[in-house]
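What follows is calculated from the coordinates using simple rules that are stated; it is not laboratory data. What you see is a predicted model, and the numbers here were worked out from it, not measured in a lab. Positions of Cβ are backbone-derived with ideal geometry, glycine not excepted, and every protein chain shown enters the neighbour counts.
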Amino acid sequence: MRDEDQPHDPSRRHALECMVWAGTGVLWTVSGGVPKSLGLLGTAEAAEASQSPFTFMQISDSHIGFNKAANPHAIDTLKEAIGKVKALPVKPAFMIHTGDITHLSLASQFDDAAQIIGETGLETHYVPGEHDLIDDNNGKLYADRYGAGKHGAGWYSFDDHGVHFIGLVNVVNLKAGGLGNLGPDQLAWVADDLKDKSNSTPIVVFAHIPLWTVYADWGWGTDDGAQVLQLLRRFGSVTVLNGHIHQIIQKVEGHITFHTARSTAFLQPAPGKAPAPGPMKVPDDQLRKVLGITRVSVSLGTEPLAITDKTLADN
């Protein structure tokens with residue numbers, strides 16, 4: 001049943017439109033399009049919900065090469081994040097990285113990231129962030145590493161355990177402070193990619209910049225994101241994962257759940273809470289509480305889909 005077909009319910013409307021700044025180590029489940037917190041990691045409820053035959057990891061914004069005051073040791077915090085993945089009691093099926101692998105698109109930075117991330121032994125699927133496309137050859141270093149078998153600037157799809165995954169690129173020719181952009185070629189490709197998928201197919205979309213507008217003044221959104229979201233509205237379960245804003249913000253709209261990931265490098269301010277976005281210095285003993293990784297558990301044929309965010313400070 002579509003949202004417009006359902007009876008008006010003010011409380012439901014609020015649940016669909018709210019944004020949730022999630023706390024440390026909170027496990028969310030999504031049932032009937034409404035997120036529900038199951039409490040901190042380690043609770044019996046969280047343990048029960050995370051038992052799934054199919055899980056995958058998301059990491060984002062590792063910014064290898066960043067060495068400013070917000071985190072002079074971004075390479076070390078990526079190592080810690082990867083250590084958390086390696087220590088998981090149940091091995092995920094694979095990992096996705098939602099962009100800004102590097103800070104300056106240098107070959108040495110890509111090399112360092114590949115070596116550290118490769119220690120998981122997991123297949124890893126990438127989409128670029130704007131920091132991955134700023135080399136002297138318009139992103140050639142990223143394309144040479146990750147572009148094989150991809151379309152256009154690097155968009156692609158794949159299937160795993162009955163779930164259809166779509167990796168999108170919305171950072172090409174990105175202007176400072178400007179919104180992301182997919183472009184007509186990529187939108188046409190998405191329409192073609194989805195045309196033979198049944199409405200019951202679970203869809204996971206991942207990109208660097210949010211596909212919905214979190215905060216337009218800072219460019220935290222995608223100019224033509226609404227067009228791809230319209231293509232996704234017929235599906236009963238859609239999860240959209242992104243990075244870029246270095247903090248957890250969740251939104252649910254109909255059957256589409258939007259979830260951002262923490263960075264493994266540094267924090268950014270909450271939308272509108274600073275003169276501009278950018279690396280945010282926190283006390284040294286608080287840094288690992290604002291960096292982290294995301295685990296997604298999918299139980300086909302049942303509700304819910306569970307998203308677990310874990311900080312580097314968590315045991």
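Net length available on complete extension from F94 to K79 is 3.7 nm, with 0.36 nm assigned per residue and the Cα-Cα distance removed. Let me make sure I get this right: for segment 80-161, a, b and c are the square roots of the gyration tensor eigenvalues over alpha carbons, sorted descending. Under 1.5 in a/c it's rounded, otherwise prolate if a/b > b/c, else oblate. Which is it? Verdict is oblate for segment 80-161.
As a calculated quantity, the FRET efficiency between R234 and D284 at R0 = 45 Å, using C-beta atoms, amounts to about 0.40.
Determine which lysines satisfy two conditions relative to K281: a Cα distance under 24 Å, and not lying fewer than 8 residues away in the same chain. In chain and number order, the partners are K68, K79, K84, K273, K289, K310. Cβ-Cβ distance of K150 and A270, R₀ of 25 Å, FRET efficiency by 1/(1 + (r/R0)^6): the value works out to about 0.15. Take every Cα pair under 8 Å whose residues are at least 6 apart in sequence, average their separation, divide by the length of segment 40-298, and the relative contact order is 22 percent.
Amide H contacts under 5 Å for V205: I166, T239, V240, L241, restricted to partners 5 or more places along the chain or on a different chain, H placed in the peptide plane at 1.01 Å from N.
The amide H of I64, built 1.01 Å from its N in the peptide plane, has T102, H103 as neighbours under 5 Å, considering only residues 5 or more places off or on other chains. Packing here is the average count of other Cβ atoms within 10 Å per residue, and on that basis the peptides 78-87, 160-169, 272-281, 175-184, highest first, run 160-169, 78-87, 175-184, 272-281.
Spin-label model, L106/D136: points 7 Å from Cα along the beta carbon direction are separated by 1.4 nm.
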